[in-house]
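The values are calculated or read from the model by the stated rules, or taken from the named source; none is laboratory data. Predicted model, so just to flag it, every value in this text is computed and none were measured. Here the Cβ positions follow ideal geometry from the backbone for every residue, glycine too, while neighbour counts run over all protein chains shown. To get the accessible areas, we keep the full protein, side chains included, count just its heavy atoms, and leave off ligands, DNA and RNA. Shrake-Rupley method; radii C 1.70, N 1.55, O 1.52, S 1.80 Å.
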Amino acid sequence: MDINEFITHFAEQFEETELSEFKPETKFKELDEYCSLIALKLIAMVDEEYDITIKGNDIRNSNTIEDLFNIVKNKE
């Protein structure tokens, strides 16, 4: 699993936010578009793309995209 690929899949869950906004250090919960629906879309994306189950707590415990990536990577 590669962080750049993860960021691309992550960014696809957002419809209005520019791709350039998404970097490993991006605090995704501070993005204007972020909401609970996006959180559910992220859970579904991780399941579909990586066949890994994450929960709401995993997202709550993440501040940056890299934090979430590391949680997913540790569940491989």
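Annotation note: of GLU76, GLU48, GLU5, GLU25, the sole residue that is of a type outside the set (Val, Ile, Thr) and modelled with pLDDT under 95 is GLU76. Hey, among the residues in the range 30-39 that are surrounded by 13 or more Cβ atoms within 10 Å (Cβ to Cβ) and more than 10 Å from the chain's Cα centre (by Cα), which one's farthest from THR64 (Cα to Cα)? Ranking the candidates gives GLU33 first.
Can you report the number of residues in the range 54-65 which are open to solvent by 70 Å² or more (accessible area, probe 1.4 Å) and touching a Phe, Trp or Tyr at 6+ places or on another chain (Cβ under 9 Å)?
1
Evaluated against (1) open to solvent by less than 70 Å² (accessible area, probe 1.4 Å); (2) over 10 Å from the mean Cα position of the chain (by Cα), ASP51 falls short on exactly one condition, (1).
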